[in-house]
1. Spelling out what I want: for every residue of region 119-133, take phi, set θ = phi - 60°, compute 6.51 cos²θ - 1.76 cosθ + 1.60 (Karplus), and round to whole Hz; glycine and proline get x.
2. Non-local amide H neighbours of Ile147 (under 5 Å, H modeled in plane, Pro and chain starts lacking H): which ones?
3. Check the chain and count each lysine pair with an alpha-carbon distance under 20 angstrom, considering only pairs eight or more places apart or from different chains.
4. Could you list which residues have their amide H under 5 Å from that of Gly87, counting only those 5 or more apart in sequence or on another chain, with H placed in the peptide plane?
5. What list of ³J(HN,Hα) values in whole Hz, one per residue of region 51-65 in order, does the Karplus curve 6.51 cos²θ - 1.76 cosθ + 1.60 (θ = phi - 60°) give from phi, with Gly and Pro shown as x?
6. Give, as ranges by residue number, the residues of region 117-158 whose backbone N falls under 13 Å from the point 7 Å along Cα→Cβ of Ala96.
7. In whole Hz, with x marking every Gly and Pro, tabulate ³J(HN,Hα) for region 137-146 from phi via Karplus 6.51 cos²θ - 1.76 cosθ + 1.60, θ = phi - 60°.
8. In the P(r) worked out for region 39-104, what percent of Cα pairs fall beyond 14 Å?
Amino acid sequence: MSNLIVDSSLNTSAKTNSLIKLLVFEIGKLTLALPILQVQKVVKQSEVHGSGLSHVNLTHLAEQEVAIVDLHQKLFGVSITQAEATGYFIISKNIAGEPLGIVVSQTPTLIDVPVEQIRLLPDSYRRADTLSIASHVAIIPQNDANITVFMLDLSRLI
């Protein structure tokens, strides 16, 4: 699934000045996003189970087990502990079609971004930075400043 939705939108719709809807959320000082077509739902965070040694844990949602990725731990080496966790899970699917959740501390925001503002990240950057989990970047003007949004590549989260 990676970013086929973004890739196909960029290839076919850039000429028509179309918009892509992104679900935008903060992890530390980073602004990250997923195309809304890759998101199944956003739910209140529930208890997670795991050793605490990995950035991947498990939760039970609607009679299914869902792998939960703690991007804060993956990117910065510090987990958002269960005591602090009163946020949300963004539920998507990984490449194999299994449910996959991303834990976020604040409510994500849905925004429309012109496709022409979304650019592919250079491979050299992806290989050298902790943001190898991102595939595209968008610069979004907002009020007095621009916001840099990194779009996640679901195939690289786990």
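No value in this document is a laboratory result; all are computed from the given coordinates. None of the values given here were measured: they were computed from a predicted structure. Using ideal geometry, Cβ is built from the backbone for each residue, glycine included, and neighbour counts are taken over all protein chains shown.
1. 10, 6, 6, x, 4, 4, 5, 4, 6, 9, 10, 5, 7, 5, 7
2. Ile140, Gln142
3. Numbers: Lys21/Lys41; Lys21/Lys93; Lys29/Lys74; Lys41/Lys93; Lys44/Lys93; Lys74/Lys93.
Qualifying lysine pairs in the chain: 6.
4. Placed amide hydrogens put Gln45 under 5 Å from Gly87.
5. 6, x, 8, 10, 7, 10, 10, 9, 9, 10, 10, 6, 6, 9, 8
6. 158
7. Computed from phi, the couplings for region 137-146 are 9, 9, 9, 10, x, 8, 6, 8, 9, 9 Hz.
8. Values: 1133 of 2145 pairs.
Percent of Cα pairs beyond 14 Å in region 39-104: 53.
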